[in-house]
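Read the structure below first, then the notes.
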C-alpha cells in the first residue's frame, strides 16, 4: 500500500500565526463542484492544488475508488469533510495541512499530538527545542516510513526505539510544509495505528500502539484569554467527547487519569470488591461534555458514581447499587 500524500503548494517556509490564519482563510473559501466517476485521490488532489492546500491522505484510504459528488457553496474544509463522509472517512485540519483518513484517526490525531506535546513540555528547554523546532520535510519516491522516522529523529539527536513495530511500506515523493518533529512523528505513525512515547529526558521516542479509549478534548467555548485562567479553571471549562465499546471500567479510568491528570481513589466500601468492579464491562458515548458529565457518563453504566475535588475524584457505588446490595 502506498500512502496517499499529494504534492501541492505548501504555505510559506514557517508556521507563523500569519501562516495559520492564511490557511484558515483558504479553508473558509466557498467551493462548488460536480464530480462524476472520478478517482477519489486524484479528485482530492486537484481540489487541494487549486486552493494551495497540502493534503495528507492516510495510507489506509483506497484512493482509486470512484466518486460522484455535487457540492454548492460549501467552505473548502466542509467540502473535504463532505466528500470524506461519503466513504466513511474524516477530514480535519492538522497544523499547516488537511488530513483525510479513517473517522477514528481523524478524531484522534489532535489528541495524540496534545499527548505527545504534553510529554515534550516536561523535558529540559534544550531538548524541548529539538522536538518543537519546525522545518519542512521532504523525501524521495519509494521511501520507507520506518527509515523516514529514524532519519527525522536522528537529525534532532533523538533515538528511535521499537521501530520494528512500523510495518514495511513504500511512500511516494513528497514535500511537506513546516511541522515540528513531534507532530511529524505523530502524523507518520497514526496510519499504522501507532503513536509515540517520549522518554522523560527527551532523548528517546518509543513506538507504541495507540492506547484506547482516547478522550478527545475540544477547546473551551470562551472568548477570555486562556493565559489569565489558572490551570484547574482551564480544565473545568474544557469539553470532552468519548466513545467506549465493551471496555473494563478500570482500564477506562486508568486511561482517563493519565490523559487528564486525574487522581483517582476508591471508596472504602468498594475496596473489598475493587477487582471485580474494575473488570465490569461498559459501553457509552459522551459528546461535548464537561468533566463532571464525562465522569458520570463513564461510571453510571457500571453502577458507580463519583465525588470530585478539583482534579481528585473518589469512585463509589451508586445509591441504586447500594440498595441492591
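The values are calculated or read from the model by the stated rules, or taken from the named source; none is laboratory data. Since this is a predicted model, take the numbers as computed values, not measurements. Ideal geometry is used to build each Cβ from the backbone, glycine not excepted, and the neighbour counts take in all protein chains shown.
Is it the case that region 125-135 has a residue that's farther than 28 Å from residue 261 by Cβ and either in a loop (DSSP other than H, G, I, E, B) or modelled with pLDDT under 95 (or both)? Yes: one or more hits. Just to be sure I understand, how many residues within region 259-288 are within 19 Å of residue 114 (Cα to Cα) and either loosely packed, with under 13 Cβ neighbours inside 10 Å or at pLDDT 85 or above (or both)? Count: 3.
Results for (1) over 21 Å from residue 286 (Cα atoms); (2) outside the structural domain of residue 122 (by TED's automatic domain parsing); (3) at pLDDT below 95, shown as yes or no for each residue.
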position	(1), (2), (3)
145	yes, no, no
190	yes, no, no
204	yes, no, no
230	yes, yes, yes
255	no, yes, yes
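What do you reckon, is residue 46 modelled with pLDDT of 90 or more, over 25 Å from the mean Cα position of the chain (by Cα) and not in a strand (DSSP E or B)?
Values: modelled with pLDDT of 90 or more: yes; over 25 Å from the mean Cα position of the chain (by Cα): yes; not in a strand (DSSP E or B): yes.
Considered against the rule, which asks whether it is modelled with pLDDT of 90 or more, over 25 Å from the mean Cα position of the chain (by Cα) and not in a strand (DSSP E or B), residue 46 comes out as yes.
The residues of region 164-188 that are under 18 Å from residue 112 (Cα atoms) and part of a helix (DSSP H, G or I), listed by number, are 165, 181, 182, 183, 184, 185, 186, 187, 188. I'd like the full set of residues that are within 16 Å of residue 145 (Cβ to Cβ) and surrounded by 19 or more Cβ atoms within 10 Å (Cβ to Cβ), limited to region 159-181. Correct list: 160, 166, 171, 176, 179, 181. Has region 57-75 got at least one residue that is in contact with a strand residue (DSSP E or B) (Cβ under 6 Å, 6 or more places away or on another chain), in a strand (DSSP E or B), touching a residue at least 40 places away in the same chain (Cβ under 8 Å) and closer than 18 Å to residue 137 by Cβ? Yes, there is a match, as at least one residue in region 57-75 is in contact with a strand residue (DSSP E or B) (Cβ under 6 Å, 6 or more places away or on another chain), in a strand (DSSP E or B), touching a residue at least 40 places away in the same chain (Cβ under 8 Å) and closer than 18 Å to residue 137 by Cβ.
Since residue 209 meets every condition but one in (1) more than 30 Å from residue 131 (Cα to Cα); (2) at pLDDT 80 or above, which condition does it not meet? Of the numbered conditions (1) more than 30 Å from residue 131 (Cα to Cα); (2) at pLDDT 80 or above, the odd one out for residue 209 is (1). Within region 30-48, the set of residues being farther than 12 Å from residue 76 by Cα and surrounded by 13 or more Cβ atoms within 10 Å (Cβ to Cβ) comprises 35, 38, 39, 40, 41, 42, 43, 45, 46.
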